[in-house]
Amino acid sequence: MKTVLITGASGGFGYEFAKQLEQDGYALLLHGRDAVRLQLTLDALQYPERHSIVLADLSSRKATEDLIASLSNQENLYGLVNNAGFGVWGAFADKEGVAQADVIRVDLLAPVMLAHALLPRLKKQHGFMINVSSLAAETPLPYLATYAAVKAGMTFWSEAVRMENEQDLRVVTLAPGPSPTGFRDVSGAPKGKGSLFSTPALKVVEAGLQTLRMGGGYCVPGIRHRLLWLIQCCTPRVLALTMMAKYLKK
Ligand SMILES: NC(=O)c1ccc[n+]([C@@H]2O[C@H](COP(=O)([O-])OP(=O)(O)OC[C@H]3O[C@@H](n4cnc5c(N)ncnc54)[C@H](OP(=O)(O)O)[C@@H]3O)[C@@H](O)[C@H]2O)c1
């Protein structure tokens, strides 16, 4: 069976990817840190016996390397969903440096390391890679400064890798706006911010997989997120910065 590794499969988008990719007939490697929550994902699937759980804290380079080494016998690896990630909400200077560096490690360094190690096998299989970026990549965001910068890096990297490999690998750069997952609680987001544009995780993942079926590309999922994207594209940066600084301040 064709196998797909989903990072961050213990909740949110990762959980939805697991459900929808299982329906497409894949065997899944469900990655996360929290074994109990990953087991809940596994229990929600129709054929749990087809899938397995892999644990790794992606903020640790050693743990990421160990995860890569543990995948060396996965000859049928067909897909990689770089989904695990989190943000740190608040003024840059007030937030812990370690947490900000971990955002870089989990949201960008680990996907780059995983992709570099797995790409030869994914290309051999004419498989796919989905990189979960964000609309945060489109505008510098005061009070989410590191996260927005890292997601900008993710979008640029993913789009460039997509073009380099378009002959033998389908790549989706998925750029959602706000969605009601664990992300907001983990990042410490104030209640209500961005809820006007909120789109369910199910719809976000459906749109990403639809883009995959069409051969890959940059995907802003759903009408609300596209509206937000349009506003971002039409607003001069200096104005966007001022507006976002006011809006995102707790
Ligand atoms: N929800 C939104 O509004 C939104 C919008 C745009 C983009 N995104 C992006 O969507 C992706 C998925 O987030 P989500 O919204 O589904 O949030 P979520 O429900 O909080 O899920 C995040 C996942 O990432 C994993 N993760 C976090 N830190 C990790 C670490 N150090 N090592 C390994 N795994 C780690 C978590 O695993 P454990 O629970 O096991 O730690 C969890 O499975 C992220 O890349 C996020 O930046 C989210």
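The values are calculated or read from the model by the stated rules, or taken from the named source; none is laboratory data. What you see is a predicted model; the values in this text were computed from it and never measured. All Cβ positions, glycine included, derive from the backbone under ideal geometry; neighbour counts span all protein chains shown.
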### Message
With the requirement that a residue be over 18 Å from the mean Cα position of the chain (by Cα) and hydroxyl-bearing (Ser, Thr, Tyr), what does the stretch 4-40 give you?
### Response
TYR26
### Message
Report every pair of residues separated by at least 6 positions or lying on different chains whose Cβ atoms are under 9 Å apart, first residue within the stretch 8-24 and within 16 Å of LEU174 (Cα to Cα) and more than 10 Å from the ligand (Cβ to nearest atom), second of a type in the set (Asp, Glu) and modelled with pLDDT of 95 or more.
### Response
GLN20/GLU206
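It is to be established whether one or more residues within the stretch 54-66 are within 18 Å of MET1 (Cβ to Cβ) and more than 9 Å from the ligand (Cβ to nearest atom). Show your work before the answer.
Just the residues of the stretch 54-66 that are within 18 Å of MET1 (Cβ to Cβ), to begin with: 54.
Subset that is more than 9 Å from the ligand (Cβ to nearest atom): 54.
Checked against the condition, which is being within 18 Å of MET1 (Cβ to Cβ) and more than 9 Å from the ligand (Cβ to nearest atom), the stretch 54-66 yields at least one hit.
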### Query
Restricting to the stretch 61-82, what's the tally of residues that are more than 27 Å from ASP168 (Cα to Cα) and touching a residue at least 40 places away in the same chain (Cβ under 8 Å)?
1
### Task
Check the stretch 126-142 and report whether any residue there is among the aliphatic types (A, V, I, L, M), within 12 Å of the ligand (Cβ to nearest atom) and over 14 Å from the mean Cα position of the chain (by Cα).
yes
### Message
Of everything in the stretch 72-97, what is of a type in the set (A, V, I, L, M, F, W, C), under 27 Å from HIS126 (Cβ atoms) and within 15 Å of the ligand (Cβ to nearest atom)? Give them in sequence order.
### Response
LEU80, VAL81, ALA84
